[in-house]
Amino acid sequence: MWRMYKRLVFFNPIRDLFLACVFLLQPAVAQNFSTSIEKIQPAETKSSVQPKLSLELKSLNYAAGSVADDASQGQVELMLGLKKQGFLFADLELTVGSFSGSRSVYIPVPDAYLAVGSLKSNYLALGIKTQSFSFVDRYYHLGLYESYFTNDFIDYKEQGFAGIQLQVHQGYFGFKGGFQPVFLKNQGPEIHEQDGSIVSSNRWAKRPPKRFEFVQGQDKRIEYVIRAYDVEKIITNQGHTLSLFVGENVERPWLQVSYARHPLNEIPLTRETYGTINDFTGHVFLAPVVTYHEVKSADINLDGRLLKSTFSYLEDQPFNNEPFMDETLQVLNPLKVYAVYFALDLKDYISRNFLISLAAAEMRGGEIKDKMQGGKVSIFTFSANRTIFKSPVTLGFTGDSIFFGERPLITTVSWTYDREFKGSLLSAKLMHETWKKLYLQAGLDLLGTENELPADAPENFLSQNQANDRFYAGVKYVF
């Protein structure tokens with residue numbers, strides 16, 4: 001009954017679009033001001049080193065509880081960092097956060113590098129640095145080039161490449177190259193093994209099935225063990241990247257083609273399985289297997305003062321390992337992605353931030369099969385797809401929707417509908433600087449599918465999480 005209620009109430013394309021329009025159609029009055037400084041006063045000299053510090057407190061309320069966590073949760077996040085400008089420049093950003101549940105601490109590091117040169121033209125950087133290689137890879141958070149961090153597969157933080165990176169840009173031509181002696185994989189919701197089960201204090205975590213059907217009508221328990229593995233052997237897998245581009249804007253050149261050969265950021269798993277005769281319990285030993293792939297992409301960006309557009313292509317070719325005797329290994333099919341993006345930017349015409357965007361993508365391939373030695377496919381699988389969407393269309397808005405005094409209410413709305421999975425994700429967020437450097441924020445995420453999946457069909461991200469609708473509110477202070 002609850003799932004039927006979800007289909008009728010929580011998934012409604014007309015309602016979702018109506019909610020998005022409510023955020024968009026709000027009056028605003030832009031106010032500009034300038035401050036002049038008398039010539040006789042000496043100009044203030046700004047320090048080349050600027051510290052970064054912010055503290056965010058948030059309350060999350062879900063439509064229902066789960067076996068992993070409570071319906072109401074708290075979240076705290078502290079961001080530390082510094083930024084140095086000049087010929088010798090640097091950027092460091094470290095976030096430490098936690099939820100109110102146990103074992104929920106997370107520490108993403110998007111950037112931590114030291115460089116010489118100019119960020120907009122030529123530089124040599126050492127450390128962890130984010131790079132823009134493919135539009136669709138970043139827009140839909142595919143993680144084929146850069147790895148990512150996420151707690152819920154809705155909000156993401158990019159994790160930069162760890163190593164040496166070089167950029168050269170002269171006139172209209174340039175290239176980026178990098179060597180990564182350290183491998184940083186994707187960071188998702190934390191999971192761990194406990195009493196023979198793979199558990200998590202995060203409802204968004206991907207977990208394998210707890211039981212299997214031994215004979216018709218009889219389900220038997222599965223006990224899991226994560227094998228001890230050498231972390232050093234995983235993170236010391238090397239990679240390299242190369243990108244050529246044409247255009248004046250390094251971030252959005254007219255043409256960009258990129259290539260990478262490095263480990264898959266989402267590490268496949270291998271498992272060894274056996275059963276005990278006395279109680280028919282299944283025993284599964286899990287271990288990560290570093291797998292390399294090649295990534296190729298091409299972007300065309302056509303930007304005017306009012307309209308921006310991008311045509312993006314991305315593909316990869318995994319070099320799957322062979323499973324050993326008595327082992328089953330996740331085998332990844334190649335992935336090809338075609339995407340288009342259009343954005344209408346009215347900032348220069350109405351004197352305030354106002355951006356409406358439309359994007360669509362087609363993701364072909366990317367299936368995951370669990371195979372045994374000899375190529376036989378196992379009926380037991382952890383995950384069916386490498387991406388959470390297959391055929392998404394996304395409508396977005398970002399802008400200053402209304403002003404309170406001199407400070408705008410910053411509004412962000414994103415509505416994604418997947419044409420293959422027949423489901424949608426609506427996210428909306430409001431943020432306002434109520435007092436100087438103190439921001440109040442509120443938002444929501446709604447997930448739903450049109451129809452129930454057939455009993456034998458693999459689940460997808462939208463169908464698995466359609467009970468995870470949530471509303472959140474919080475406060476953020478920037479020091």
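The values are calculated or read from the model by the stated rules, or taken from the named source; none is laboratory data. What you see is a predicted model; the values in this text were computed from it and never measured. Here the Cβ is made from the backbone with ideal geometry for all residues, glycine too, and neighbour counts use every protein chain on show.
Table: residues versus (1) of a type outside the set (A, V, I, L, M, F, W, C); (2) under 20 Å from M372 (Cα atoms).
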site: I267; (1), (2): no, yes
site: G282; (1), (2): yes, yes
site: F285; (1), (2): no, yes
site: K308; (1), (2): yes, no
site: E315; (1), (2): yes, no
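Looking only at region 239-252, filter to residues that are modelled with pLDDT of 95 or more and over 11 Å from S134 (Cα atoms); which one of those is surrounded by the most Cβ atoms within 10 Å (Cβ to Cβ)? Restricting to residues being modelled with pLDDT of 95 or more and over 11 Å from S134 (Cα atoms), the top hit is F245. Counting only residues that are of a type outside the set (F, W, Y), in a strand (DSSP E or B) and surrounded by 21 or more Cβ atoms within 10 Å (Cβ to Cβ), which one in region 119-154 is nearest to the chain's Cα centre (by Cα)? Filtering region 119-154 for residues that are of a type outside the set (F, W, Y), in a strand (DSSP E or B) and surrounded by 21 or more Cβ atoms within 10 Å (Cβ to Cβ), the one nearest to the chain's Cα centre (by Cα) comes out as S147. The residue that is surrounded by the fewest Cβ atoms within 10 Å (Cβ to Cβ), counting only those in region 162-187 that are touching a residue at least 40 places away in the same chain (Cβ under 8 Å) and outside any strand (DSSP E or B), is Y172. Of the residues making up region 442-453, those that are part of a strand (DSSP E or B) and touching a residue at least 60 places away in the same chain (Cβ under 8 Å) are D445, L446, L447, G448, T449. Please verify whether K157 is in contact (Cβ under 8 Å) with a residue 60 or more places away in the chain, exposed (fewer than 14 other Cβ atoms within 10 Å of the Cβ) and not aromatic (F, W, Y), treating the condition exactly as stated. Spelling it out, it is not the case that K157 is in contact (Cβ under 8 Å) with a residue 60 or more places away in the chain, exposed (fewer than 14 other Cβ atoms within 10 Å of the Cβ) and not aromatic (F, W, Y). For region 99-110, the criterion of being surrounded by fewer than 19 Cβ atoms within 10 Å (Cβ to Cβ), part of a strand (DSSP E or B) and either in contact with a helix residue (DSSP H, G or I) (Cβ under 7 Å, 6 or more places away or on another chain) or not polar (S, T, N, Q) (or both) is met by none of the residues.
Those strands (runs of 3 or more DSSP E) of region 324-425 in which at least 2 residues are more than 30 Å from H283 (Cα to Cα), in contact (Cβ under 8 Å) with a residue 40 or more places away in the chain and not aromatic (F, W, Y), considering only elements entirely within it, cover 335-345, 354-365, 392-404, 407-418. Candidates are the residues of region 307-340 that are closer than 22 Å to W254 by Cα and of a type in the set (S, T, N, Q); the one that is surrounded by the fewest Cβ atoms within 10 Å (Cβ to Cβ) is S309.
Figure legend. Inter-residue proximity from region 217-229: first residues more than 18 Å from Y274 (Cβ to Cβ), second residues part of a strand (DSSP E or B) and modelled with pLDDT of 85 or more, beta-carbon distance below 7 Å, spacing 6+ or different chains. Indicated pairs: Y229/A287; Y229/P288.
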